[in-house]
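Right, one structure below, let's go through it.
The values are calculated or read from the model by the stated rules, or taken from the named source; none is laboratory data. This one's a predicted model, so the numbers in the text were calculated from it and none came from an experiment. Cβ sites come from the backbone with ideal geometry, for glycine too, and all protein chains shown count toward neighbours. Just so you know, the surface numbers come from the protein's heavy atoms only, side chains and all, with ligands and any DNA or RNA stripped out. Shrake-Rupley method; radii C 1.70, N 1.55, O 1.52, S 1.80 Å.
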Amino acid sequence: YGGGTANTEFEFMTGNSMANLGSGVYPYTIYNMETTGNLAEQFKSLGYSTTAMHPNHATNWNRENVYKDFGFDQFLSINDFQGADTLRGMVTDQATYDKILEMLNQNADPQFIFDVTMQNHSAYQMAWTNLPREVWLTGALEGRFNTVNQYLSLVYQSDQAFEYLLDYFSQVEEPTLIVFFGDHQPPLKNAFYEELYGKKLSERTTAEVLQQYAVPFFLWANYDIPEQSGVILSPNYLGVLTAQTAGLPLTGYMNFLAQMYQELPVITPVGLITADGQTLM
């Protein structure tokens, strides 16, 4: 919730959980990642070209060094998006998708592309530069949280861009798997979240606290994959699910994580969820 994008990246890419590292820790900035197993390394070993993409400064969260340590073949930062479309000064999601399509059309090799978008980054009290006011709160909340209106309008733009991406790949023969997930919920006002909960944040149960740290994710492919819904997992398992769905060989550590998922599907610094649905601190 609220920030720390690089920690969700770290969990997805490595399978390691932030629950084991303590609060206030940011592995990208304090640890040497040269020998840390990760998805980029695995895909590269299988013959994929590997690209990390983030349309902002390469120094953010030390990404320029971490991505090199992870073994990515290249890292595209803000310097590679000169002249791209923006919303509120941020490069749009669709601009990154266009870059992905450009790369795929230029290189016939199988590719693993890790795209960390920037369009919907806080803060949400910015000027609505180039951002249409498409979505807003109504009823008792109308006019009370303009920052929420901006965030929701940004999410709407993301929906439109993602439809554009899926429409493209639904007409492509090359087998393509897209894994889409959020890094954290937005830092909106506490008063807004209290309206959603119907109580003060200090009065929430552990299960209710975890709701504020949950984000949607989905896997989509232009070929048949098993259909599931309502899947709950923590980010450290998402890389395993990606490899399983893509039919890739699992590393020994991934096999361990796949077994642990059966017992403890959610492990986070905030709380745990067991296989039978119990919520623990």
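Note that the stretch 105-120 has calculated 3J(HN,Hα) couplings of 6, 8, 9, 7, 5, x, 10, 10, 10, 10, 10, 9, 6, 10, 3, 9 Hz, one per residue in order, obtained from phi through the Karplus relation 6.51 cos²θ - 1.76 cosθ + 1.60 (θ = phi - 60°); glycine and proline are x.
Taking all protein chains into account, the per residue accessible area for the chain stands at 52 Å² (1.4 Å probe). How large, in percent, is the carbon and sulfur part of the accessible surface of the stretch 196-264 at a probe radius of 1.4 Å? Carbon and sulfur atoms account for 54 percent of the accessible area of the stretch 196-264. Taking all protein chains together and rolling a 1.4 Å probe, W136 ends up with roughly 140 Å² accessible.
Around D115, what is the net charge, scoring Lys/Arg as +1 and Asp/Glu as -1 over all other residues with Cβ under 14 Å from its Cβ? Within the 14 Å Cβ shell, the charges total -4.
Relative contact order for the chain using alpha-carbon pairs under 8 Å, separation at least 6, rounded to a whole percent?
This gives 21 percent for the chain.
Size descriptor for the stretch 134-226, Kirkwood hydrodynamic radius: 16.0 Å (Cα pairs only, one decimal).
3J(HN,Hα) along the stretch 228-239, derived from phi through the Karplus expression 6.51 cos²θ - 1.76 cosθ + 1.60 where θ = phi - 60°, amounts to 9, 9, x, 6, 10, 7, 8, x, 5, 9, 5, x Hz, with x in place of Gly and Pro.
Under a model in which nothing but the beta-carbon of Lys, Arg (+1) and Asp, Glu (-1) is charged, the chain shows a dipole of about 900 debye around its Cα centre. The antiparallel fraction among DSSP beta bridges confined to the chain stands at about 60%.
Taken over the stretch 63-134, the ratio of Cα radius of gyration to 2.2 N^0.38 Å equals 1.28. The modelled label-to-label distance between Y26 and L248, using points 7 Å beyond Cα along the C-beta direction, is 2.6 nm. For the stretch 72-120, the carbon plus sulfur part of the accessible surface works out to 39%, probe radius 1.4 Å. For the stretch 99-150, the relative contact order is 30 percent, taking Cα pairs closer than 8 Å that sit 6 or more residues apart in sequence and dividing their mean separation by the residue count. When the alpha carbon coordinates of the chain are projected onto the principal axes, the ranges are 54, 47, 40 Å, largest first. For L87, the residues whose modelled amide H falls within less than 5 Å of its own, excluding neighbours fewer than 5 places apart on the same chain, are T92.
Let me know the shape class of the stretch 1-64, please: from the alpha-carbon gyration tensor, a ≥ b ≥ c as square roots of the eigenvalues, rounded when a/c is under 1.5, otherwise prolate if a/b is greater than b/c, or oblate. Oblate is the answer for the stretch 1-64, as a/c is 1.5 or above yet b/c matches or exceeds a/b.
Full extension of the segment from Q74 to M103, taken as 0.36 nm per residue of separation minus the current Cα-Cα distance, would add 9.3 nm.
Rounded to the nearest whole Hz, the Karplus-based 3J(HN,Hα) values (6.51 cos²θ - 1.76 cosθ + 1.60, θ = phi - 60°) of the stretch 60-75 follow the sequence 4, 6, 6, 4, 4, 7, 5, 5, 5, 5, 5, x, 4, 5, 8, 10, with x at glycine and proline. Rounded to the nearest 10 square angstrom, F217 shows an accessible area of 50 square angstrom against a 1.4 Å probe. Indicate the gyration tensor shape class of the stretch 1-139 (rounded, prolate or oblate), computed on the Cα atoms with a ≥ b ≥ c the square roots of the eigenvalues: a/c under 1.5 is rounded; otherwise a/b larger than b/c is prolate and the rest oblate. The shape class here is oblate.
Suppose every K and R has +1 on its Cβ and every D and E has -1 on its Cβ; what is the size of the dipole of the stretch 135-278 about the Cα centre, in Debye to the nearest 20?
620
Taking GluC sites (Glu not before Pro) as exposed when DSSP calls them loop and at most 11 other C-beta atoms lie within 10 angstrom, the chain has its longest site-free stretch at 35-141.
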